[in-house]
Amino acid sequence: MKKKEAVKVTVFGVVQGVGFRPFVYRLAKKLELNGWVKNFGLGVEIWLEDSNSKKFSKFLDLLEKNKPPLSLIKEIKVKKVKAEGFKDFIIKKSEPGETFVFISPDISVCDECLKEMQNPQDRRYRYPFINCTNCGPRYTIVKSLPYDRDKTTMKDFIMCQECKEEYSNPLDRRYHAQPVACPICGPHVELKDARTGSKIENPIESAVALIKKGKILAVKGLGGFHLICDAFNEKAVLKLREIKERKTKPFALMAKSLEIAERFVEVTPEEGNFLLSPQRPIVLLKKRKEIPNIAPFLNEFGIMLPYTPLHYLLMEDLDLIVATSSNKKDAPIIKEEGEGVEELCDYVLTHNRPIFMRADDSVMKVVNKNPLFIRRARGFVPYPQEVPSELKVSSNLIALGGELKDTISIYKNGYIVTSQFLGDLDEYKNFQYFEEALQHLTHLFEVKPEIIISDLHPDFRTTRFAQKMNIPHFQIQHHFAHSLAPMIEHGISPKETVLGVSFDGFGYGDDGNAWGGEFLICNYSSYKRFAHFEYVHLPGGDLASKQPWRMALSYLYELFGEDIPNLDVFADIEKKKIKAVLSQIKYKINAPLTSSCGRLFDAISYLLGIAPLEVEYEAEAPMRLEAISFPVENEFYEFKLINKKPIQISFLPVVTSILNDLKNKKDVSLIASKFHSTIVQVIKEIAIFARGKFGIKTVSLSGGVFLNKIILSLCEKILEREGFRVIRSINYSPNDESLSIGQIAYGLIKLKELKNEQ
Ligand code: ZN
Ligand code: ZN
Ligand code: FE
C-alpha cells in the first residue's frame with residue numbers, strides 16, 4: 001500500500017457560523033479524504049490524509065470555488081504534516097479559550113429556502129421564518145458567543161423532531177443552522193389592530209389587503225420594524241410623513257423584483273448586483289419616473305428588494321411599497337412592541353422571534369463600480385476589518401466616534417469590528433442605543449480595552465463618556481480621524497505619508513474653530529494642516545447649519561460688508577432679520593469661524609434658489625444642489641489660493657462669478673455643475689502642490705461631502721489621471737460613521753508608544 005500523506009490547512013476569514021465546517025465535511029467525504037475539521041480563534045483548521053496527494057489540491061480548488069455564500073476567505077495556509085492514520089473524516093469540537101470569533105451579518109433568504117417556501121409539498125410551505133446555514137438572521141439575534149442556539153433569541157423555541165434531525169445531520173443544509181425552525185416548532189406572525197390590539201385572521205393576506213386600502217402597517221423585519229404603505233397612494237404617503245414628522249426627507253422603497261424597480265429607476269449592472277446581493281442594501285438609483293412625495297427635490301429613489309421570507313410573501317401581491325425605518329423623530333429604530341410602534345401605524349404585523357440587537361437597513365450608492373455607503377448597518381455588521389500588520393498589537397481598544405451619525409469600533413487580535421449606524425447622539429434615546437451597542441460589542445467579542453479614543457470636541461457626549469471611564473483616554477482631531485479611515489481599510493503602511501482631503505459639515509479644529517474643508521499631510525501618528533478653506537463666519541452657530549440663508553449672507557458679507565446686493569432669494573426673509581444676521585457677523589456675536597465645505601455648499605445652494613429657508617435633514621441643501629447638477633470637467637470658477645501657512649483657499653471670487661452668472665440669467669443647473677467641478681479643481685491643485693512639496697503619492701478622500709457622486713467620481717478620475725493613488729472608504733461610509741475606524745488606527749499607535757515607554 002502507498003504511504004499516506006497529510007496536510008494541515010488553515011483558513012482565515014469569516015468562516016464560522018456560516019456552514020463552513022459541514023461544507024468541508026461534505027467536500028472531504030465526496031473526495032474520500034480522512035481527517036478532521038474544527039473552528040479555532042481566527043478561522044477553521046482542516047486536517048487531510050490520503051495516499052494520493054493530488055486529491056489535496058483538488059480539495060483546495062473546490063474549497064475556494066464552492067465555499068458557502070456567507071463565508072469570506074481572507075487567507076489559506078497549507079502545511080505538510082506527518083500522517084496520523086485517520087480512518088474517517090470528522091467535525092471536531094472547538095477548543096475553549098479561543099475567543100475572537102467572527103459572526104456573520106444578517107443575510108437575505110437564499111434561493112433554496114425560497115424554493116421550498118413556494119413548494120406546496122414542502123413542510124415549510126409559506127412559512128415566513130424559513131432559513132438555513134446559508135441564510136437568515138445572525139447578528140441581530142445573537143446574545144453572546146459561541147454562536148449556539150441557546151445563545152440566540154431562538155433559545156425558547158424547542159426544535160421538533162424533524163428540525164432536530166436536519167440540525168444534527170452534517171449532510172443537511174440546515175446542519176447547525178441555529179435559527180432553524182418550522183411551522184410546528186418555530187415563531188409565528190400575528191396581525192393586530194394598533195388601536196385596540198385585537199388580532200386579525202390570515203395575517204399576511206389581510207396585511208396585503210390593508211396596505212392596498214391605504215393603511216399604514218408596522219412590519220417586523222430583521223433589525224426592527226418598518227413602516228409600510230402603498231407607494232402610489234399619495235394620501236397614505238402624506239399621512240406617513242405626518243406620523244414621522246418629515247416633510248421632505250426621502251422614504252425608502254421596497255420593490256417586488258429588479259424588473260419592477262427598473263420601471264421607476266435606471267439600474268446599471270453593478271447596481272443590480274448590489275440590489276440582488278445577499279446583504280440586500282437600499283441602493284440609491286436615478287429616477288426614471290416620478291412618484292410624488294417619496295424623494296422630493298432629489299433625482300434618486302432609494303430602493304431595496306425583499307430580504308426576509310415574510311417580505312417575499314407580502315410582495316407576492318404588491319409591486320412597490322414605502323418601507324421606512326420605524327423610528328420616532330430622533331430615536332433609534334423600534335425593535336419590539338412596547339417601544340411605541342403602535343403610535344406610528346394603523347396595524348402591526350409582528351412575530352415572536354425577538355430581536356436582540358437593532359439595526360437599520362444599509363444604504364449605498366454605486367460610484368465607479370464600488371459601493372459608497374451612506375449608512376452601513378444590517379447585512380454588513382459585524383464584518384471585521386483587518387489592520388495592516390505593522391499596526392497590530394496584542395491589547396484591545398475601543399473608539400467612540402463623534403456625535404452625529406455615530407458608530408463605535410472595537411479592536412482585538414488584529415481586527416476592527418465597527419458597530420451599525422447608531423444615529424445622532426445629541427438625542428438621549430440614540431445615546432442609549434450607543435450604550436446598548438457598546439455593551440453588546442464589548443461583551444460579544446470579550447474586549448477589555450486598555451485605552452479609549454474619542455473626538456477632540458470637548459462637549460460631545462462620547463468625549464464625556466470616555467472621560468468617565470477609568471482607562472487612558474486619547475482624543476483625536478475629527479478630520480485627522482476621517483483621513484485615517486480609508487488608510488487603514490486600504491492597508492497603507494505606517495511609513496507612508498498621505499494627503500488627507502477631508503470635507504464635511506463640521507468637526508472641532510485644533511484651533512477651536514469649526515473645520516470642514518481640510519487638507520492634511522498625515523501618517524497614522526500625526527498630521528499637519530497643509531491647506532484649508534478660508535474662514536468665514538457661522539452666524540448663529542448651530543442655527544447656520546439649519547438655515548442655509550445665513551451662510552449665503554455670511555459669504556455676501558465677506559464681499560460687500562453690510563451693503564449686500566438686492567437678491568430675489570432674500571425676498572421672503574424679513575429685512576430686520578437679515579440686518580440682525582449681518583450685524584451678528586460684524587460684531588462677531590455668536591458667529592464662530594468655519595472652514596466648512598458643507599456650509600459653502602449651503603450658501604451656494606441658497607443663492608441659486610435651490611435650498612429651502614430651513615432644512616429638515618443634514619445635507620439637504622447640498623443634496624438638492626447635486627440633484628440639479630451634472631459632471632462638467634473643464635468648466636469651473638476661478639478661486640484664489642492665499643499663500644499663508646497653512647494655505648487658504650478663498651471662494652470669494654467663485655461667489656462673485658456665480659452672482660454675475662445669476663445676474664446674466666445663466667442656467668442654474670450649469671452654474672451648480674460648474675461649482676461642483678470647482679471643488680474638484682481645488683483638490684487637484686492642492687494635491688499637485690502637496691506632491692511637489694512632500695512627495696506624497698496617495699490621496700485619501702473622506703468626509704460627508706464625498707457622498708456627492710459628482711464630486712467623488714470626478715475627483716477619482718482626475719486625480720488618477722494625474723498619477724495619484726486615490727483611496728476612499730469602500731466598506732464604510734465616508735461620513736462620520738467612519739470616524740471610529742480612523743480613531744482605532746491612531747489608538748494603535750498610541751498603544752505602541754505606551755508599551756515602549758513601559
Ligand atoms: Zn436558506
Ligand atoms: Zn420544527
Ligand atoms: Fe465629519
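Quick check: is even one residue across the stretch 208-227 within 16 Å of ligand 1 (Cβ to nearest atom) and open to solvent by less than 20 Å² (accessible area, probe 1.4 Å)?
yes
Where in the stretch 312-376 are there strands (runs of 3 or more DSSP E), lying fully within it, with 1 or more residues that are open to solvent by 10 Å² or more (accessible area, probe 1.4 Å) and touching a His at 6+ places or on another chain (Cβ under 9 Å)?
320-325, 347-351
Within 28 Å of the chain's Cα centre (by Cα) and open to solvent by 10 Å² or more (accessible area, probe 1.4 Å): does that describe Arg725?
yes
Out of Ser144, Ser198, report the one residue that is away from ligand 2 (no atom under 11 Å from the Cβ), hydroxyl-bearing (Ser, Thr, Tyr) and modelled with pLDDT of 95 or more.
Ser198
Among the residues of the stretch 18-34, is any open to solvent by 10 Å² or more (accessible area, probe 1.4 Å), closer than 16 Å to His176 by Cα and hydroxyl-bearing (Ser, Thr, Tyr)?
Scanning the stretch 18-34, I find at least one residue that is open to solvent by 10 Å² or more (accessible area, probe 1.4 Å), closer than 16 Å to His176 by Cα and hydroxyl-bearing (Ser, Thr, Tyr), so the answer is yes.
Just for the stretch 152-199: of the residues that are within 16 Å of Gly136 (Cβ to Cβ) and β-branched (Val, Ile, Thr), which one is farthest from ligand 3 (Cβ to nearest atom)?
Within the stretch 152-199, the match that is farthest from ligand 3 (Cβ to nearest atom) is Val180.
State whether the residues of the stretch 471-486 include one that is crowded, with 19+ Cβ neighbours inside 10 Å, assigned to a loop (DSSP other than H, G, I, E, B) and of a type outside the set (Val, Ile, Thr).
So far as the stretch 471-486 goes, yes, one or more of its residues are crowded, with 19+ Cβ neighbours inside 10 Å, assigned to a loop (DSSP other than H, G, I, E, B) and of a type outside the set (Val, Ile, Thr).
Kindly indicate which of Glu234, Glu259, Glu162, Glu201 is open to solvent by 30 Å² or more (accessible area, probe 1.4 Å), more than 16 Å from ligand 1 (Cβ to nearest atom) and closer than 22 Å to Cys135 by Cα.
Glu162
Results for (1) open to solvent by 20 Å² or more (accessible area, probe 1.4 Å); (2) in contact (Cβ under 8 Å) with a residue 12 or more places away in the chain; (3) more than 30 Å from Lys365 (Cβ to Cβ), shown as yes or no for each residue.
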| residue | (1), (2), (3) |
| --- | --- |
| Ser629 | no, yes, no |
| Phe636 | yes, yes, no |
| Lys640 | yes, yes, yes |
| Lys644 | yes, no, yes |
| Gln648 | yes, yes, yes |
| Thr656 | yes, yes, yes |
| Leu662 | yes, yes, no |
| Asp667 | yes, no, no |
| Ser673 | no, yes, no |
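Can you name the condition, by its number, that Gly747 falls short on among (1) away from ligand 3 (no atom under 16 Å from the Cβ); (2) open to solvent by 10 Å² or more (accessible area, probe 1.4 Å)?
Every condition holds for Gly747 apart from (2).
Taking the residues in the stretch 511-527 that are open to solvent by 20 Å² or more (accessible area, probe 1.4 Å) and in contact with a Phe, Trp or Tyr (Cβ under 9 Å, 6 or more places away or on another chain) as candidates, determine which candidate is nearest to Val680 (Cα to Cα).
Tyr527
Can you tell me which condition Pro68 does not meet? The list is (1) outside any helix (DSSP H, G or I); (2) open to solvent by 20 Å² or more (accessible area, probe 1.4 Å); (3) on the phi < 0 side of the Ramachandran plot, and all the others hold.
Unmet condition: (2).
Just checking, which of Phe297, Phe264 is open to solvent by 50 Å² or more (accessible area, probe 1.4 Å), more than 23 Å from the chain's Cα centre (by Cα) and hydrophobic (A, V, I, L, M, F, W, C)?
Matching residue, one of Phe297, Phe264: Phe297.
Kindly indicate whether any position in the stretch 175-186 is away from ligand 2 (no atom under 16 Å from the Cβ), buried (at least 18 other Cβ atoms within 10 Å of the Cβ) and on the phi > 0 side of the Ramachandran plot.
no
The values are calculated or read from the model by the stated rules, or taken from the named source; none is laboratory data. Predicted model, so just to flag it, every value in this text is computed and none were measured. We place every Cβ from the backbone using ideal geometry, glycine too, and count neighbours over all the protein chains shown. Accessible surface is based on the protein model in full, side chains and every heavy atom, while ligands, DNA and RNA are left aside. Shrake-Rupley method; radii C 1.70, N 1.55, O 1.52, S 1.80 Å.
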